[in-house]
Amino acid sequence: MTKGLATHWRLMPQRYNLIGTHCKNCKSKFFPQRKICPKCRRTGSIEEFKFSGKGEIYSYTTVCAPPQGFEYQAPYVLAIVKMKEGPFITAQIVDCKPEEIEIGKKVETVFRKVIADGSSGIIRYGYKFKLRD
Amino acid sequence: MAVGIVGYGTYLPKYRIKAEEIARVWGKDPEAMKKGLGIYEKTVPNLDEDAATIAVEAARSALRHSGIKPADIGAIYVGSESHPYAVKPTATIVGAAIEATPELTAADLEFACKAGTAAIQCCMGLVEAGRIKYGLAIGSDTSQGMPGDVLEYTASAGGAAFIIGERNLIAQIKDTYSFTTDTPDFWRREGQEFPRHGARFTGEPAYFKHVINCSNKIMERNELKPKDFQYAVFHQPNGRFPVKAAKLLGFDQEQIKLGLLTPWIGNTYSGSTPLGLARILDEAKGGDLILATSYGSGAGSDSFIIEVTKENERRRNPTPLQCFIDRKEYVDYAIYAKLKGKIKGVVLEK
């Protein structure tokens with residue numbers, strides 16, 4: 001079986017639709033999902049929460065020596081995005097040149113192919129971000 | 001109850017290559033190619049875009065426009081000739097990405113360039129039969145053209161999604177009619193990377209025979225003439241065929257101008273007629289009548305008579321197609337060859 005197949009399947013809601021969690025008690029939001037609120041502990045109440053996919057660039061780097069599977073995309077931008085709802089998320093910024101990126105620029109999520117397990121394995125789709133027009 | 005379009009969405013990749021850049025590489029006269037094919041430039045998908053990602057973006061846009069709940073979608077059909085998997089549906093990826101799963105039926109369709117309109121017909125049938133509340137029909141492609149072949153100037157990427165239902169319609173589909181024969185004008189065998197075609201044979205006995213017959217038959221049975229329509233859109237394998245088809249049928253250039261997109265985006269295959277229709281809906285007013293006729297090699301045409309409602313003026317699409325047409329960046333042939341996986345030794349794991 002392809003390595004990580006079940007994990008990918010389990011994470012699809014997060015990867016496809018930015019489904020995180022929030023604590024109904026203290027309103028804290030989490031991505032990736034948390035099962036227990038670190039603030040409220042036993043008194044917390046966790047449920048699923050869908051993030052809007054909108055945010056801004058908090059920090060970024062340009063990847064010039066990419067890992068396997070990303071060789072032909074270099075140079076590409078990897079950013080820490082501060083989501084509108086608060087949490088930070090690391091993701092690729094697509095359809096732009098590294099020189100177009102600035103801290104504070106607004107971004108929104110897009111649905112893209114993240115990596116494929118070779119030419120015969122599964123294709124893992126998920127979130128990336130693009131600069132907002 | 002009337003069946004029709006509740007909402008629609010579109011998507012085009014950002015990158016473009018100009019026809020003269022392709023002509024330069026293959027030693028062709030750029031002006032002759034542009035004039036001969038009626039094409040200036042075409043869209044190029046990024047490395048991480050395929051028919052599934054395009055379908056998802058178009059579907060999400062259609063959901064925003066329609067305002068319906070994804071869980072109310074009872075069927076998803078994705079038409080494409082470039083589904084990312086040979087076995088494993090694109091439609092389930094779309095279903096999960098718009099949170100419409102699990103209570104729905106879903107399938108992928110393939111009929112060269114007309115699988116998108118075939119998807120609309122499938123949804124219409126289920127909605128009219130009362131089996132589903134809404135159906136999602138998508139035409140999406142990242143089409144292939146062999147290097148140096150005439151198809152390379154036109155084969156592009158893009159897609160459109162339509163939510164078909166009975167309530168809150170922006171346009172009513174008054175009738176649909178299809179004309180289908182076994183005509184081997186264009187094909188791609190299993191495992192082959194590029195399609196082949198019958199050159200001139202793709203014209204008279206293929207494209208024109210089906211588009212003309214299908215359009216004439218649907219107008220005849222509805223007692224309508226070309227002058228009764230404000231707009232018409234015909235499948236656009238290049239910039240010339242739809243113009244000639246319109247002329248042969250008796251439509252003037254004003255009626256087809258708005259939906260004629262191939263000169264600037266290329267042939268988006270299953271997305272071609274749906275995108276042309278979406279471009280018209282972006283501007284059409286209540287009461288406007290549209291004739292839409294697709295064509296898929298192999299071969300067949302689907303015609304639709306669509307009457308726009310006042311709702312389309314009240315509820316304009318927040319992301320009109322022009323946004324995607326204007327959002328562009330040119331690449332040269334070398335980058336295009338990389339993005340399309342045409343460089344020997346480069347395995348893009350597409």
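Note on region B:218-277: Cα Rg divided by 2.2 N^0.38 Å, N the number of residues, gives 1.10. With K and R counted +1 and D and E -1, the other residues having a Cβ less than 11 Å from that of B:Ala71 yield a net charge of -1.
Below 8 Å, C-alpha to C-alpha, sequence gap of six or more: please give me the relative contact order for region B:176-231 in percent.
Values: 32 pairs, mean separation 18.8, N = 56.
That works out to 34 percent.
For region A:30-68, trypsin sites (Lys or Arg not before Pro) meeting the loop criterion (DSSP other than H, G, I, E, B) and having at most 16 other Cβ atoms within 10 Å: A:Arg34, A:Lys35, A:Lys39.
For region B:291-338, trypsin sites (Lys or Arg not before Pro) meeting the loop criterion (DSSP other than H, G, I, E, B) and having at most 15 other Cβ atoms within 10 Å: B:Lys310, B:Arg316, B:Arg327.
When B:Thr43, B:Thr268, B:Thr183 are arranged by Cβ crowding within 10 Å, least crowded first, meaning fewest neighbours, the order is B:Thr183, B:Thr43, B:Thr268.
Over 21 Å between C-alpha atoms is what I'm after, so list which of B:Lys14/B:Lys340; A:Lys128/B:Lys133; B:Lys42/B:Lys340 land there. Intermediate values should be presented prior to the final figure.
Details: B:Lys14/B:Lys340 14 Å; A:Lys128/B:Lys133 32 Å; B:Lys42/B:Lys340 13 Å.
Beyond 21 Å: A:Lys128/B:Lys133.
Along region B:14-31 the Karplus relation, 6.51 cos²θ - 1.76 cosθ + 1.60 evaluated at θ = phi - 60°, assigns HN-Hα couplings of 7, 7, 9, 10, 7, 4, 5, 5, 5, 4, 4, 5, 9, x, 9, 6, x, 5 Hz to successive residues, with x for each Gly and Pro.
For region B:96-228, a Kirkwood hydrodynamic radius built from all Cα pairs, placed in the Stokes-Einstein relation at 4 °C and 1.567 mPa s, yields a translational diffusion coefficient of 74 µm²/s. Output the antiparallel fraction of DSSP beta bridges having both residues in the protein assembly as shown, as a percent to the nearest 5. If we restrict to bridges inside the protein assembly as shown, about 75 percent are antiparallel. For A:Cys26 and B:Glu31, a Förster radius of 45 Å and the Cβ-Cβ distance give a FRET efficiency of 0.10, rounded to the nearest 0.05. Between the beta carbons of A:Lys105 and B:Phe201, assuming R0 = 51 Å, the FRET efficiency works out to 0.50 to the nearest 0.05.
Using the 2.2 N^0.38 Å rule of thumb for compact globular proteins, work out how chain B stacks up: its C-alpha Rg over that value, please.
Details: Rg = 18.7 Å, N = 350, 2.2 N^0.38 = 20.4 Å.
Cα Rg divided by the expected 2.2 N^0.38 Å: 0.92.
Convex hull volume of the Cα atoms of region A:31-115, normalised per residue: 123 Å³.
Look at where the Cα atoms of region B:74-106 and of region B:240-298 average out, and the two centres are 26 Å apart. Angle of helix A:5-17 to the longest C-alpha principal axis of chain A, folded into 0 to 90 degrees and rounded to 10: 80°. Only helical runs count toward this figure. For chain B, summing -39,500 (n - 2.57) over DSSP H runs of n ≥ 4 and dividing by all residues gives -9000 deg cm²/dmol at 222 nm.
Take peptide B:91-100, look around each residue's Cβ out to 10 angstrom, count Cβ atoms belonging to other protein chains, and average those counts. Before the final figure, lay out the partial values.
Numbers: counts 0, 0, 5, 1, 0, 7, 7, 3, 5, 0.
Partner Cβ neighbours, averaged per residue: 3.
In this entry, region B:173-313 is assigned a mean projected area of 8.6 nm², taken as a quarter of its C-alpha convex hull surface. Considering region B:290-350 at the alpha-carbon level, its Rg and Dmax are found to be 19.5, 55 Å. Loop-located chymotrypsin sites (Phe, Trp or Tyr not before Pro) in region B:116-188 (DSSP state other than H, G, I, E, B) with a sparse environment of at most 12 neighbouring Cβ atoms within 10 Å are absent. The modelled label-to-label distance for the pair A:Tyr58/A:Lys84, using points 7 Å beyond Cα in the direction of Cβ, is 1.8 nm. Here r is the Cβ-Cβ distance between B:Lys69 and B:Asp175 and R0 is 45 Å; the resulting FRET efficiency, rounded to 0.05, is 0.95.
Where both partners of a DSSP beta bridge lie in region B:147-305, what percent of those bridges are antiparallel, to the nearest 5? Spell out each step's value before the answer.
On the way: 13 of 18 bridges.
Around 70 percent antiparallel, to the nearest 5.
Label sites at A:Ser120 and A:Asp133, each approximated as a point 7 angstrom past Cα along Cα to Cβ, lie 4.2 nm apart.
Every number here is computed from the coordinates shown, using simple stated rules; none is lab data. Computed from a prediction, not measured in an experiment: that's the story for all the values here. Positions of Cβ are backbone-derived with ideal geometry, glycine not excepted, and every protein chain shown enters the neighbour counts.
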